[in-house]
Amino acid sequence: MTIGVRRRMGVEERRQQLIGVALELFSQRSPDDVSIDEIASAAGISRPLVYHYFPGKLSLYEAALTRASEDLAGRFMEPREGPLGARLLRVMRRFFDFVDEHGPGFSALMRGGPAVGSTATNALIDSVRQAAYVQILSHLRVEDPPARLELVVRSWISLAESTALIWLDGRRIPRAELEVQLVHDFAALAAVSAAHDEEMGTLLRRVLKDEPTDGPFSDLVARLIALAS
């Protein structure tokens, strides 16, 4: 980590510096284990000066979380061009880039860190999930989703979160395999729902007709056929 150098900064510049320092420390260890003294030392300022810009660690944590949540939400943005399977795979790669870069902080966020119980923190987490939900619906070209589609998309977002948390605990499965598996999981969830609902069946057929033979969705079909035989 680069140790900050003491110099005069404007109020907003100093606040942004402290947020950046906190994010870097939170990416290495759980926020519970990072002290204000460490943040001050890394920023090259005194502990009282940190409190001049933030009332306490919780407020600094929430400010860092706001920046991180905006970053994470942006990872789900993808041009609506090309097959859906390839788009989802690129989204999953960017999602795991974030998880890889901010492992302890991501884990603390999802499992409950120093801001657990904070209304603001919970709202930020929900905003990321909602941003991901809206982006996936955009890729599906659906504005008013039926109940079964909403269930599929929100369940898949929760599955991506839990998969990332399990992966962080030892990284026992290659990351690239999990990225592809999550794209397969989306297709599988949609297929099961389509088997019970004609509206979902129509949507899935529309998506699949644009999938190439070498895409992740087609790969899933081939794997299932091989498994069945």
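Coordinate-derived values only; no laboratory data. Just so we're clear, the structure is a prediction, and the values are computed from it rather than from any experiment. Cβ atoms come from the backbone with ideal geometry, glycine included; neighbour counts cover every protein chain shown.
When the chain is treated as a Gaussian network with alpha carbon springs shorter than 10 Å, the biggest mean-square fluctuation among Leu208, Leu18, Leu65 belongs to Leu208.
Tell me, Kirkwood radius of the stretch 1-107 from alpha-carbon pair distances, in Å? Radius from the Kirkwood sum: 15.1 Å.
The translational diffusion coefficient of the stretch 11-62, from Stokes-Einstein at 4 °C and 1.567 mPa s with a Kirkwood hydrodynamic radius over alpha carbon pairs, comes to 121 µm²/s. Evaluated at q = 0.11, 0.13 Å⁻¹, a Debye calculation over the C-alpha positions of the chain (equal weights, vacuum) places log10 I(q)/I(0) at -0.64, -0.82.
Relative to the compact-globule estimate of 2.2 N^0.38 Å, the Cα radius of gyration of the stretch 169-227 comes out at 1.27.
Counted over all Cα-Cα pairs of the stretch 54-189, pairs farther apart than 20 Å make up 46 percent.
On full extension, the segment bounded by Thr202 and Ala228 gains 6.9 nm, given 0.36 nm per residue less the C-alpha separation.
Across the stretch 163-175, coupling constants 3J(HN,Hα) worked out from phi with the 6.51/-1.76/1.60 Karplus curve, θ = phi - 60°, read 4, 5, 5, 5, 4, 4, 7, x, 6, 7, 10, x, 4 Hz, and Gly and Pro carry x. The calculated FRET efficiency for the pair Leu151 and Arg93, based on their C-beta separation and a Förster distance of 30 Å, comes to about 0.75.
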